[in-house]
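Down below is the structure, laid out as structure tokens.
The values are calculated or read from the model by the stated rules, or taken from the named source; none is laboratory data. Everything numeric here is computed off the predicted structure, so don't read it as measured data. Cβ placement follows ideal geometry from the backbone for every residue including glycine, while neighbour counts extend to all protein chains displayed. Just so you know, the surface numbers come from the protein's heavy atoms only, side chains and all, with ligands and any DNA or RNA stripped out. Shrake-Rupley method; radii C 1.70, N 1.55, O 1.52, S 1.80 Å.
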Amino acid sequence: MSAVAVSSEPSIPTVDLADLASTADPAARARAVAALREAFGVYGLVYVKGHGVGDVGPLYDRFDAFTSRSLEEKQRFNRSDLWYQRGWTPPDTEKAVVASGQPDFKECWFSAPEPLPAEMKAQYPEIFADNVWPGDEQLEARAMRAGHELHLAGLALLRGCALALGLPEDAFASRCEGGAHVFRLLRYLPLTAAQTKQKILWGEEHTDFNLLTLLPGGRFHDPSGKVAPAPDAGSGLYLRTRPTAEHPDGQLVRGTAPAGCIVAQVGQQLEILSGGTFLATPHVITAPHTPGWSRFSAAHFVHLNAHEIVFPLPELRTPESVRAYAPPVLAGTYSIKTLVDIGLAPKSALDKLGYRHYERLATIRARETAS
């Protein structure tokens, strides 16, 4: 993590989803829309209350129990064949695109909390795969519920985003129907004393490639495994705000929302569709300076439908945004390319893009040569 001082905590807006959806109080709705435009346009993130997301603590308890299983048992749910989009992801698997090359020091569980369209399962079998579960009914039920609740909150925010940009209310949300939405549980692993001295990060700074990411908040576990406050002020989730003249590299903001709130942040797809009006939020997960501590967290990733075009919407196109984000690309193709970039999909996945039946002509030529 680069050394960016935060002299004063930026005033990140808080948006109440009840105000954002209000038809009885237009003034309250207008204030919420304006706050969301400021939050995503200036900071790239917003605090959300009235979100309808339940307590994720019991879910973290169940995931804690799973991660305590033996490596051999967890490997049964390692679905590298699905590009780790379902089931268990081992430590040191994923890496940030712009990074030092250090893989993320974490283990994860991926699931899809929303229905999967049959046509997408056929066209993108790894990205739209059926869920995999480790035989823990509570883990499954709680993960599916949390992911769905976060998804509904995300759709509400996207409707607000459209209004904030002067677009029809469903401009973004309608493009998400049938998307490859993913709910992810994460456990950041304890560091040894030597690793803390090496300043190893739990997750290097990166931006998410989806449309919108929702974070219900994480928790730390001390070396004995008990839930405890962070051991130092420098550990946990930090998000980087949009660059300004005063702060050309942005400001690092601790990703701790006010009590009762969740965090939502802009992904690459939303940046592109908005023509850069909203900026994808860089974020980093720093490890404690004290060895033996771990951290549990979760994230829900709202994606565009795989058949949607990732390109600035017509109403938001300018010569500058067209140059910045050309050429247009299918969201499904965008996902495959990014999953290769971050080390979850093999490079051979890129061979599936475009026409790949040249061997028919090669076979004919081989027969002609043989005759």
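Being out of contact with any strand residue (DSSP E or B) (no Cβ under 8 Å at 6 or more places or on another chain) and open to solvent by 60 Å² or more (accessible area, probe 1.4 Å): is that true of residue 95 here? No. When residue 154 is tested against (1) open to solvent by less than 30 Å² (accessible area, probe 1.4 Å); (2) closer than 25 Å to residue 343 by Cα; (3) not aliphatic (A, V, I, L, M), exactly one condition is not met: (2).
For residues that are of a type outside the set (Ser, Thr, Tyr) and open to solvent by less than 30 Å² (accessible area, probe 1.4 Å), scanning just the stretch 328-342, find the one that is farthest from residue 85 (Cα to Cα). Full working, then the answer.
Taking the stretch 328-342 as the starting set, the residues that turn out to be of a type outside the set (Ser, Thr, Tyr) are 328-332, 336-337, 339-342.
Of the ones still in play, those that are also open to solvent by less than 30 Å² (accessible area, probe 1.4 Å) are 331-332, 336, 339-340, 342.
Details: 331: 16, 332: 14, 336: 11, 339: 9, 340: 12, 342: 13 Å.
Checked the stretch 328-342; the qualifying residue farthest from residue 85 (Cα to Cα) is 331.
Counting only strands (runs of 3 or more DSSP E) that sit completely within the stretch 211-324, those holding 1 or more residues that are closer than 26 Å to residue 41 by Cβ and open to solvent by 50 Å² or more (accessible area, probe 1.4 Å) correspond to 252-254. Condition check: within 30 Å of residue 196 (Cβ to Cβ) and in contact with a strand residue (DSSP E or B) (Cβ under 8 Å, 6 or more places away or on another chain). Does residue 266 satisfy that? Spelling it out, it is not the case that residue 266 is within 30 Å of residue 196 (Cβ to Cβ) and in contact with a strand residue (DSSP E or B) (Cβ under 8 Å, 6 or more places away or on another chain). Consider the stretch 199-210 and keep the residues that are open to solvent by less than 40 Å² (accessible area, probe 1.4 Å) and modelled with pLDDT of 90 or more. The one that is farthest from residue 14 (Cα to Cα) is 209.
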